[in-house]
Every structure is written in C-alpha cells, then in structure tokens.
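Read through the structure below, which is laid out as structure tokens, and then see the notes.
Please treat every number below as a calculation from the coordinates, not as lab data. Values in this document were obtained by computation on a predicted structure and should not be read as measured data. Cβ sites come from the backbone with ideal geometry, for glycine too, and all protein chains shown count toward neighbours.
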Amino acid sequence: MAAAEHSLWYKVWRPFLILFIITVAEFIVAFTVPKGTIKTIMFIVMTLAKAFYITAYFMHMKFEKVSLAYIIISPMILLMALLAALWYEGVKLFQLLMSG
C-alpha cells in the first residue's frame, strides 16, 4: 500500500505542487516587481519551467526514450533562436523607420 501512495505522490501531486508554487511565484512577481527587463526575464524563466513540468509529467515525456525527447526539444530550441533573430531584426527595422 505504501508503494502505491508513493507512486501516486510522485506522478500526480508532486508535479501539481511544483506547478502551483511556480504559479504563485508568477502572481507575486506580477504584483510586486516593477515593470522592466528583470520582470520579463523572470516571467520567461517561470513559463519555461512550467512548460517543462507539463511536458515531462503530464505528456509523459519524462518516461520516454531520450531520443524522442531530443526530437521534440530540438525544433523548440531552433524556433526560439528564430524568434530571437526576428525580434532583433524587427527592433532594428523599427528604429530605422522611426528615425528617418
């Protein structure tokens, strides 16, 4: 019986509590930290942590082979690099259009 309770704790309640704590931290940051770069970075980090736990536990990626995880994670990393490049180019284009 104790093994079943331990299994239930790690499969359901532990990820739930981790996600709950991260969500509470997001609310605290939202209402206490002044607007700026640090607040944005904190939100990005907490959102990525929540995405990791949701993917790992509720989509069962933690229990899959490593190669399958790499197949899913690799395009996400490339997509984030593409978004960073597009953001950089967009800012430069905006500055160019607004300055002249």
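Roughly how many debye, to the nearest 20, is the charge dipole of the chain about its Cα centre, given +1 on each Lys and Arg Cβ, -1 on each Asp and Glu Cβ, and no other charges?
60
Please determine, in degrees from 0 to 90 and to the nearest 10, the orientation of helix 14-32 with respect to the longest principal axis defined by the Cα atoms of the chain, where the helix direction is its Cα long axis. Value to nearest ten degrees: 30. With respect to the chain, whose longest principal axis is taken over its alpha-carbon atoms, helix 66-99 is tilted by about 20°. Oblate is the label for the chain, because a/c, from the alpha-carbon gyration tensor with a ≥ b ≥ c as root eigenvalues, is 1.5 or above and a/b does not exceed b/c. Relative to the longest principal axis of the Cα atoms of the chain, the long axis of helix 37-53 lies at roughly 30 degrees.
Its DSSP H runs of at least 4 residues, each contributing -39,500 (n - 2.57), put the calculated 222 nm mean residue ellipticity of the chain at -26500 deg cm²/dmol, to the nearest 500. Taking a sphere under 14 Å around the Cβ of V45 and counting the other residues whose Cβ falls inside, with K and R at +1 and D and E at -1, yields a net charge of +1.
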